1. For the subset of the range 37-67 comprising residues that are farther than 16 Å from PRO149 by Cβ and assigned to a loop (DSSP other than H, G, I, E, B), which member is modelled with the highest pLDDT?
2. Report whether or not LYS124 is of a type in the set (Lys, Arg) and at pLDDT below 85.
3. Taking the range 130-152, which residues are assigned to a loop (DSSP other than H, G, I, E, B) and either open to solvent by less than 40 Å² (accessible area, probe 1.4 Å) or closer than 16 Å to TYR35 by Cα (or both)?
4. Go through (1) touching a Phe, Trp or Tyr at 6+ places or on another chain (Cβ under 9 Å); (2) of a type in the set (A, V, I, L, M); (3) closer than 16 Å to GLN116 by Cα; (4) open to solvent by less than 80 Å² (accessible area, probe 1.4 Å) and name the single condition ALA44 misses.
5. Which condition from (1) part of a helix (DSSP H, G or I); (2) modelled with pLDDT of 80 or more is the one that VAL24 breaks?
Amino acid sequence: DFDYEAKNRKQLKGNVYLARVTRVEPSLQAAFIEYGGNRQGFLAFNEIHPDYYRIPVEDREALIEADGADSDDEAEEANNDDVPETLGGEDADEDDILPKHRVKKYKIQEVISRKQIMLVQVAKEERGNKGAALTTYLSLAGRYCVLMPNNNRGGGVSRKITNLVDRKRLKTVVG
């Protein structure tokens, strides 16, 4: 993608809006959102945080827990990249083959309803006759840190802070 900024054109990317769902499209697994722009925004199902799902509380907690476990697994795999991995063979366990998390997979029409209010951020600008692409996973950039309130990893601290003690302290505050 090629993004450019011009003085005579107001930039929407990165802006946060309180928006209302106008239409849920089961065939696209997406929703169209009225956020105050020229056209309606497009919100894909995988860009909707489970906090916005209209489901029983136990299911929501299980979804968030599974999402957190997935991100922990990814972080653990990233840390163990230099360790060789053995797949299959005689020592393969049955639980390695089965999925780790048994959480019900929802469809967008089951969890999002028309006229629902949510906080969204513009991920891609409007282009041509298409509306902006939106996300509910907010990312608020500051001078020395990025706050990501709906993300399990919680954001990060700028590398401009070179003192390791300060960076660790700020990471614990943010995360």
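1. Step one: filter the range 37-67 for residues farther than 16 Å from PRO149 by Cβ, giving 37-46, 53-63, 65-66.
Checking which are assigned to a loop (DSSP other than H, G, I, E, B) leaves us with 37-40, 53-56.
Details: GLY37: 81, ASN38: 82, ARG39: 89, GLN40: 92, TYR53: 86, ARG54: 85, ILE55: 82, PRO56: 80.
Result: GLN40.
2. no
3. Within the range 130-152, GLY131, ALA132, THR136, TYR137, LEU138, ASN150 qualify.
4. (1)
5. Failed condition: (1).
The values are calculated or read from the model by the stated rules, or taken from the named source; none is laboratory data. These figures come from a predicted structure and were not determined experimentally. Note that each Cβ is placed from the backbone with ideal geometry, even for glycine, and that neighbours are counted across all protein chains shown. The accessibility values were calculated without ligands, DNA or RNA, using every heavy atom of the protein model including side chains. Shrake-Rupley method; radii C 1.70, N 1.55, O 1.52, S 1.80 Å.
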